[in-house]
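Inspection log for the structure reproduced underneath, given as structure tokens.
The values are calculated or read from the model by the stated rules, or taken from the named source; none is laboratory data. On a predicted model such as this, the values are computed, not experimentally measured, just so you know. Quick note on the areas: whole protein, heavy atoms, side chains included, nothing else; ligands and nucleic acids left out. Shrake-Rupley method; radii C 1.70, N 1.55, O 1.52, S 1.80 Å.
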Amino acid sequence: LQTDANGKSAGAEVLLRWFHPIHGQVGPVEFIPLAEESGAIVDIGEWILTTACKTLADWARRPAFSGLSLSVNISPRQFIEKDFVARLQNTLIKTGAPASKLMLEVTEGIVMQNTDQVIYTMQELCDLGVSFSVDDFGTGYSSLSYLQRLPLRQVKIDKAFVHDVTYNDSSASIVRAILALAHSMNLTVVSEGVETPEQLAFIRQAGCNEVQGYIYSKPLLADDFLKFATGSIS
């Protein structure tokens, strides 16, 4: 769930869980590395994008939810597939999903693999109407030299910084610096992991655009999310 700073629903980030018949719910920390190593992450990622696009197409037909966006994390392995752009374009066409409501979240590490090719691919997707966000900004290979070249719309502040803002001056300074940098580049900012009223007050005062975290809701199933969104929008 993603909201603006006042708690009004702005969209959601897709979260993947594996419901194993024996082990129950398995988190991504456990199975995603295995999927990456085996190559299964490409097919998993394709299924996630298709499901997300179907969801966006459904929301677009319902006035109360047509303004909501969906963010999807993209695996580095999936992103460098040669036909990734063509496959996503085909999915958008088949589902009728509004590309402008689809946000692809990439890590800083993706850009460092082959910067020129990655930027070219990102620009192709932006031409389709898709937007990009850098996830966990500030925890990887942050470099202004590549940041200014990327066709981004958004950056997400890692929850590790947000968690400490009310008692750690360094974390607070980092959050303010990221906000100042992003806003100077006309990027929106999402603060992840906002859990307490004190953290929310700091984020609001610092000028953050959107919030993600338990302060408003824990992760929800799709139907429960729409019920929550209906209440927060109205």
Residue-normalised accessible area of segment 75-120, expressed per residue, 1.4 Å probe, Å²:
50 Å²
Looking at the square roots a ≥ b ≥ c of the eigenvalues of the Cα gyration tensor of segment 78-188, which shape do they give, rounded for a/c under 1.5, prolate if a/b is larger than b/c, or oblate?
prolate
Under 5 Å, built H, 5+ apart or other chain: amide partners of S71
A12, E13, V14, M103
Which far-off residues, 5 or more places away or on another chain, put their amide H under 5 Å from the one on S191, with H placed in the peptide plane?
I157, E210, V211, Q212
Short version: ³J(HN,Hα) in whole Hz for each residue of segment 109-119, in order, from phi by Karplus 6.51 cos²θ - 1.76 cosθ + 1.60 (θ = phi - 60°), x for Gly and Pro, what are they?
x, 4, 5, 6, 5, 7, 3, 4, 5, 5, 5
Which pairs in the list K54/K159; K8/K159; K82/K227; K82/K159 are over 27 Å apart, alpha-carbon to alpha-carbon?
K54/K159; K82/K227; K82/K159
With a 1.4 angstrom probe the carbon and sulfur portion of accessible area for the chain, in percent, totals 53 percent
Rounded to whole angstroms and listed largest first, the alpha-carbon spread of segment 130-226 along its three principal axes comes to 40, 36, 22
Just report the Cα centroid separation between segment 153-207 and segment 20-48, whole Å.
30 Å
For the chain: span of alpha carbons on each principal axis (Å, largest first):
45, 43, 40
Restricting to Cα pairs under 8 Å and 6 or more apart, the percent relative contact order of the chain works out to 20 percent
Mean residue ellipticity at 222 nm from the helices of the chain, using -39,500 (n - 2.57) per DSSP H segment of n ≥ 4 over the full residue count, to the nearest 500 deg cm²/dmol?
-14500 deg cm²/dmol
Rounded to whole Å, sorted largest first: equivalent-ellipsoid semi-axes of segment 26-108, Cα gyration tensor
24, 14, 11
